[in-house]
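Here the structure comes first, spelled out in structure tokens, and everything after it is commentary.
The values are calculated or read from the model by the stated rules, or taken from the named source; none is laboratory data. Small disclaimer: the values here were computed from a predicted structure and weren't measured. In this analysis, Cβ positions are derived from the backbone assuming ideal geometry, glycine residues included, and neighbour counts consider all displayed protein chains.
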Amino acid sequence: MEDNPKEKNKKVRKQSVNSFWPLKVFVMAVALSLCFSIVSEFILGSAGIIVAVVIIVVFVAIAIITDMIGVAITACNKEPFVAMASKKVRGAKESLALIRNADKVASLCADVIGDVCGILSGAAGASIVAKILLNSDNASLSILIASLITALIAGITIFGKALGKRCAINNCNGIILRVGKFLSIFGYGSGQKKN
């Protein structure tokens, strides 16, 4: 049995929209990286080490949280959200809209936002290293401190993401419902079509 022309056109449109997704991801990554980088450089330029550490913590936390959302959306099952949406649970419609676009949401959260924040936390760490190097006369000690700071940032980020992944897989529905509730504040998903 052949698809009717309307269904065929729908599939072609969906495929053409999906073929542009990698390009959209690239543009979003460059734009986010540029914005975050300008803001962090502006703040870090005149800030002390404590402010740089706070910025690193913020970027690492964002990277871990968005990675958790990316993993949770891929592990999520849509049936509980269909039931919640029928009972008009706040955030359920938004969660369904996210689940219908799970590949894009996972890519945006884990790859774009998570990786950009990971890179920028490294840049903020480099800013701390530069401040330490300027105030130190001992070259070998400076190299050791720089290496330790870089390793510590990488270790904390990887450790946090590993813990987050386990939490995301075990609590995927709860995490996505919380994200849906947050998005419901902005009206995301209210115009999405039902499957």
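Residues to consider are 153, 169, 119, 149; find the one that is closer than 30 Å to residue 82 by Cα, assigned to a helix (DSSP H, G or I) and either among the hydrophobic types (A, V, I, L, M, F, W, C) or touching a Gly at 6+ places or on another chain (Cβ under 7 Å) (or both).
Details: 153 fails: closer than 30 Å to residue 82 by Cα; 119 fails: closer than 30 Å to residue 82 by Cα; 149 fails: closer than 30 Å to residue 82 by Cα.
Exactly one of 153, 169, 119, 149 is closer than 30 Å to residue 82 by Cα, assigned to a helix (DSSP H, G or I) and either among the hydrophobic types (A, V, I, L, M, F, W, C) or touching a Gly at 6+ places or on another chain (Cβ under 7 Å) (or both), namely 169.
Does residue 74 satisfy the criteria of being among the polar types (S, T, N, Q), in contact with a helix residue (DSSP H, G or I) (Cβ under 6 Å, 6 or more places away or on another chain), more than 22 Å from residue 119 (Cβ to Cβ) and assigned to a helix (DSSP H, G or I)?
On the way: among the polar types (S, T, N, Q): yes; in contact with a helix residue (DSSP H, G or I) (Cβ under 6 Å, 6 or more places away or on another chain): yes; more than 22 Å from residue 119 (Cβ to Cβ): yes; assigned to a helix (DSSP H, G or I): yes.
Yes.
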Residue among 112, 116, 129 that is surrounded by 21 or more Cβ atoms within 10 Å (Cβ to Cβ) and over 15 Å from residue 60 (Cβ atoms) = 112
Starting from segment 88-99, keep only residues that are within 9 Å of residue 184 (Cα to Cα), then list their pairs with residues that are among the charged types (D, E, K, R) and in a helix (DSSP H, G or I) whose Cβ atoms are within a distance under 6 Å, requiring at least 6 positions of separation or different chains.
-> 90/181; 91/181
Of the residues that make up segment 44-55, is at least one in contact (Cβ under 8 Å) with a residue 40 or more places away in the chain, surrounded by fewer than 15 Cβ atoms within 10 Å (Cβ to Cβ) and of a type in the set (A, V, I, L, M)?
-> yes
When residue 157 is evaluated against the numbered criteria (1) more than 28 Å from residue 79 (Cβ to Cβ); (2) surrounded by fewer than 18 Cβ atoms within 10 Å (Cβ to Cβ); (3) modelled with pLDDT of 85 or more, which criterion, by number, is the only one it fails?
-> (2)
Single match in 44, 32 (criterion: closer than 30 Å to residue 123 by Cα and at pLDDT below 75) = 44
Identity of the residue in segment 138-171, under 17 Å from residue 115 (Cα atoms) and β-branched (Val, Ile, Thr), that ends up farthest from the chain's Cα centre (by Cα) | 150
